1. List the pairs whose first member sits in the range 267-280 and is under 16 Å from residue 121 (Cβ atoms), whose second member is not in a strand (DSSP E or B), and whose Cβ atoms are under 6 Å apart, counting only residues at least 6 apart or on separate chains?
2. Of everything in the range 205-232 that's farther than 30 Å from residue 171 by Cβ and without any contact (Cβ under 8 Å) to a residue 40 or more places away in the chain, which residue is nearest to the chain's Cα centre (by Cα)?
3. Given the residues 245, 290, which is the only one that is within 24 Å of residue 42 (Cβ to Cβ), at pLDDT below 95, among the aliphatic types (A, V, I, L, M) and surrounded by fewer than 20 Cβ atoms within 10 Å (Cβ to Cβ)?
4. Filter the range 174-219 down to the residues that are crowded, with 20+ Cβ neighbours inside 10 Å, among the hydrophobic types (A, V, I, L, M, F, W, C) and modelled with pLDDT of 95 or more and list them by number.
5. Taking the condition of being among the acidic types (Asp, Glu) and in contact with a Phe, Trp or Tyr (Cβ under 9 Å, 6 or more places away or on another chain), how many residues in the range 206-234 meet it?
6. Which members of the range 140-173 meet the condition of being within 26 Å of residue 64 (Cα to Cα) and buried (at least 21 other Cβ atoms within 10 Å of the Cβ)?
7. Output yes when any residue across the range 283-299 is touching a Lys or Arg at 6+ places or on another chain (Cβ under 9 Å) and not in a strand (DSSP E or B), and no when none is.
Amino acid sequence: MKSSTSVAFGVPVGFGLFASAASAEENLFSPDRYISFSSSRTTNIGQELFSADPAQKIGDLSPSTPGDRGKDFRLEYGTAPNPNWDLRLRFSSIGLSEMEQSVAEFVPANPPAPENNLLSSARTDLDMLFFDIERVGEVPFRSGQLSYFVGMRALKYHSEIQYSHQDKVGNFTNQFQEEGLALGPRAGLEHHMALGTTGLNLNTELAASLLYRRSNTTFLQNTNGPISYTENDDEGFVFNPSLSIAVQGMITDTSFWEIGYRVEGFSNLAPSHLNASQTGAHNAGRSDIINHGVWFGVTFMFQ
């Protein structure tokens, strides 16, 4: 929180410890705002979004999660409009995708039809955009600095599943898309602790959101003939917990670097097509996303 010689609001994690030290030394600069950027390469280790029926032509495709090539970017702005609490705004984006492809020899069940070279492919994509607004306060604590925050999270996402195969008999393509919005409360705790005399901080954040989701789905099927199109609306709840652990150090008196590990879950968020066949028949459901990875960020303080 802001005082005559220092600012000790708890965002970003560990900000108060470094800001107090810098201001106490100079006794001139009392920053009350900051902006931070962070980015990471992430992987989804959650449930499958797509799997193929092994009895069908596309059955040799591996299940898809997605997330082998995930990206996570976050932009955060914080200020101290009140001596007793702080305000922060955060924009985040997560993109996950995975592609599977196989080529196999397919022998028709009724000879003498010639053999076919079969090309099967499947792709899953999940893109998420977040906007958070949080009010941050401090809690007396015997070791380091403990902060709490409460606020709201808004989520917009796009999920897509495509699977197809082609051979001498024909081409089959199935494309499923979902556009969704979710909104709900968010709360969490942050702990910031100096690592002895190393000049580094150890920062931990535990948070959770409960989001109400509404979505619209479209399913386009082109099964070697007429194209069929179906559209549906859906709703439900998404539980969104996260945990971050990071080490933070100073670049200058008003800038810091941070490197850490984050894991974040989204229950029942992404639609799934399991045991899918070439005709588009599948077992529909929803899968949990568990996104994790190492992240790096920088923070700049100013008045």
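1. So the pair list comes out as 273/282; 276/282; 277/53; 277/56; 278/56; 278/57; 278/58.
2. The extreme case among them is 208.
3. 290
4. The answer is 182, 207, 211.
5. Of the residues in the range 206-234, 1 are among the acidic types (Asp, Glu) and in contact with a Phe, Trp or Tyr (Cβ under 9 Å, 6 or more places away or on another chain).
6. Of everything in the range 140-173, those that are within 26 Å of residue 64 (Cα to Cα) and buried (at least 21 other Cβ atoms within 10 Å of the Cβ) turn out to be 155, 157, 159, 161, 163, 165, 172.
7. Checked the range 283-299: no residue is touching a Lys or Arg at 6+ places or on another chain (Cβ under 9 Å) and not in a strand (DSSP E or B).
A quick yes/no check of all residues on (1) out of contact with any His (no Cβ under 6 Å at 6 or more places or on another chain); (2) assigned to a strand (DSSP E or B):
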residue	(1), (2)
137	yes, yes
141	yes, no
148	yes, yes
154	yes, yes
161	no, yes
178	yes, yes
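The values are calculated or read from the model by the stated rules, or taken from the named source; none is laboratory data. This is a predicted model, so every value here is computed, not measured. Cβ atoms come from the backbone with ideal geometry, glycine included; neighbour counts cover every protein chain shown.
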